[in-house]
Each structure stands twice: as C-alpha cells, then as structure tokens.
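Take a look at the structure set out below.
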Amino acid sequence: MLDQAREVLAGQEAWVVGGAVRDELLGRELVDLDIAVREPKRAARSYAKRAGGAPFALSERHGAWRVALDGGRTVDFTPLPGSIEDDLGTRDFTINAIARPLAGGEPVDPFNGREDLEARRLRAVGPTVFEDDPLRLLRAVRLEDELGLSLDGDTERLVREHAALVTRPAGERILQELRRLSPQGYGRLDELGLLEPLGGRLDERLGRFDSPDFRLVAAFGENLARLPISNELRRFARALLGAEHPAPEPRAIHRFRRATEPWALEALAFLEAEELAEDVEQARRSDPAEPLVRGEELGLPPGPEIGRLLAEIEEERAAGTIATREEALEYARRNARTVREDG
C-alpha cells in the first residue's frame, strides 16, 4: 500500500499519520493506512485507479476520503489545510499524533508519542480530547486492551470526569468499539464508569465463549436492543437470552438445538452448561441427511398442522422412538386422528 501511495503522490506534500505510524513503530501488520494530503478527493481517486480499489467520501463535513481494498484493508486520505503540526494537535492520543513523510524521512512527533509508546503509556494530546469526540472514551479502553497500554494518571482522570459523554456518539460507532474489546476490556469499561451509562454491566459469563457477539449479549442482555444491532445479532441475542438448560438426554438436546441453533454451543456457554457440549456435537454429527417423510406425504390439507407433525417426527427420531418412513407415517396418522377427535 505504501509503495503505491508514494507513486501516486510523488512530488506532493503527504504524511503517513495516526495508527499506521503507531503500528509500524510497534512492529504490527499494516492493515489501514491514513495519509494527510492537501487534496484528499483527488488523491483517493488517483490511488483507487492505481490500486484497483473503490473510493468514497468518508466524511463530507471533514473532507476525508477512503479507498477500500481487498482483504478488508483501507487507505484514508484526510485533509491537511495547515501544517502537519496543526493536524497532529487535533488528534486523540500522543501515540496517534506522530507523522512520517510519505516519501521518507524523520517522523514529526510534537507530543513525544514515541516515548509514550516505549513506556506503554496512553496519554491524551490535550484536555479537551473527549469533549471534542466522546467516542475517544471507548477508544482509550480499546487501545489499552489491544495494545497492552495503560492510561497515564491525567488521562484516566479525564476519562472518569467525562464518562457521562460516552452515550453521545452514534450507536454504530459505539458498537464498532465494543466489538473489539476482550473480557478484560469490558472490566476496564466498568472500572472507569463507562459501561453502566451504555446500559451494560459486568457479567461472569463474558469470558466463557470467545466471540464479540457473545460478549455483547453477556454485558448488555436485553439492553443490547438499544443499540443499532443487525437482525442477525438480534436473533443471536434472542437465542441466548431465551435458552433454557436442557437435560442430558436426546429429546431435550433436540429441543434445545431447535431453539438455539446455529448457536447451541454459545447458548450452553451462556447457561454455564458447557458439560453438555459433547451431547450437542454428537447430535450434530448424527443429524440425518434427509427427513423420514415430507409434508406432502402426510395426506393432510395445507396448514400449520403439517409443520407441527414434521417437527414432532424429527424429535421422535432424535429420541430413537421411530427410525423408518413407515413408523413416521404411522405416528402422523395417530397424531392427526387425535387432533381431529379433539376438534
């Protein structure tokens, strides 16, 4: 990505800034590149044409552009209206306020970010960073969590003082930060007073399954619906929150799986019933490739009765009480007759 950017922006003032410089200094893989230039729109379109990416406006208000590349990589082009020192002064933490000339040369580091990196210290650029963008409250915890850093005393005090602002960013941005937190990260949110205002709480199940969505459900429970979650995450949360501890026998495992799949293992972890994981795995391995009978074979008029019968037949099959097509049809005949008589 860097070589292509140098070719496209040759002869122009351009600076690699932010997390890209930080990650380079930490020896981390470069996934996202942030370049400050005089004309971001033109730079983004030129880079996209050269690299085969898709350019789009990242922020109409601020004039930033992004080029999306294969593999989830991105290159952002941000405006540089003044000096690079002025640009760095608007950033969040000193470790993100380091710039390096794209063409090569010595870094510009007006806030001693490299020294903070060496000390594994996370320090705010100035006293208004969290008022300027409250999302930085969550980012502070995430950077501590991801990079193994520690907030310096003054910055931690600022976080605590501004904790009430944590609900102000757009829900989508809040979710993006939360999804990147480990169980320890959630503990730090709670310690700093940032978790409760968002509707979350510490839960001992946070570390029982390694999944961002699992941690969200464990921390927020029903309150997760306050955030702009996807339909998939909504279904996942409903499966976990509605799960009931199954008995260790085939019929109960079958019913449990019907209510929770494809997240049965996550639901077991949520119920703190991991001892039944092998029962679920065995049931999955034993899932038949074809049903014993299909709806049109039951000889009944269309309606919900067919779906109910088929579900019961599959449960009986899982429980081992029926195993053949003939047994399935006989079960359906008996059950259907009972329904008619009751009616």
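The values are calculated or read from the model by the stated rules, or taken from the named source; none is laboratory data. Just so it is clear, the structure is predicted and the values come from calculations on it, not from any experiment. Because the Cβ atoms are built from the backbone with ideal geometry, glycine has one as well, and the counts that use them run over all protein chains shown. When the accessible area is computed, the model is the full protein with side chains, heavy atoms only, and any ligands, DNA or RNA have been set aside. Shrake-Rupley method; radii C 1.70, N 1.55, O 1.52, S 1.80 Å.
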Under the condition of being over 26 Å from R173 (Cα atoms) and surrounded by fewer than 13 Cβ atoms within 10 Å (Cβ to Cβ), which residue from segment 45-62 is farthest from the chain's Cα centre (by Cα)? K49
Could you grab me the full set of residues in segment 249-270 that are surrounded by 18 or more Cβ atoms within 10 Å (Cβ to Cβ) and not in a helix (DSSP H, G or I)? W263
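Can you tell me which of R188, R114 is closer than 18 Å to A20 by Cβ and of a type in the set (K, R)?
Numbers: R188 fails: closer than 18 Å to A20 by Cβ.
None of the other options fit; the residue is R114.
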Consider only pairs whose beta carbons are under 6 Å apart and that are at least six residues apart or on different chains; among these, list those whose first residue lies in segment 11-35 and is without any contact (Cβ under 8 Å) to a residue 24 or more places away in the chain and whose second residue is open to solvent by less than 30 Å² (accessible area, probe 1.4 Å) and of a type in the set (A, V, I, L, M, F, W, C). A20/L33
Failed condition for G153, given (1) open to solvent by less than 20 Å² (accessible area, probe 1.4 Å); (2) closer than 20 Å to D190 by Cα: (1)
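Can you give me the ranges of the helices (runs of 4 or more DSSP H) entirely in segment 100-207 with at least 3 residues that are in contact with a Ser or Thr (Cβ under 8 Å, 6 or more places away or on another chain)? Working first, answer last.
Working: elements: 113-118, 129-132, 135-147, 153-161, 171-178, 183-191.
Here the list reads 135-147.
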Only one of D116, D132 is open to solvent by 60 Å² or more (accessible area, probe 1.4 Å), among the acidic types (D, E) and more than 20 Å from L233 (Cβ to Cβ), namely D132
Hey, does segment 289-305 have a residue that's closer than 26 Å to R238 by Cα, at pLDDT below 95 and not in a loop (DSSP other than H, G, I, E, B)? yes
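Mind telling me which of the residues R38, R42 ends up being open to solvent by 20 Å² or more (accessible area, probe 1.4 Å) and closer than 12 Å to W15 by Cβ? Spell out the reasoning first.
Values: R42 fails: closer than 12 Å to W15 by Cβ.
Of the residues listed, the single one that is open to solvent by 20 Å² or more (accessible area, probe 1.4 Å) and closer than 12 Å to W15 by Cβ is R38.
Being of a type in the set (V, I, T), out of contact with any strand residue (DSSP E or B) (no Cβ under 9 Å at 6 or more places or on another chain) and within 25 Å of G126 (Cα to Cα) narrows it down to one of V159, V166, so name that one. Even if it seems obvious, please write down each step before you answer.
Working: V159 fails: out of contact with any strand residue (DSSP E or B) (no Cβ under 9 Å at 6 or more places or on another chain).
Step by step, each of V159, V166 is checked, and only V166 is of a type in the set (V, I, T), out of contact with any strand residue (DSSP E or B) (no Cβ under 9 Å at 6 or more places or on another chain) and within 25 Å of G126 (Cα to Cα).
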Select from segment 316-334 the residues that are surrounded by 16 or more Cβ atoms within 10 Å (Cβ to Cβ) and in a helix (DSSP H, G or I) and list them in ascending order. E316, R317, A318, E327, A328, L329, Y331, A332
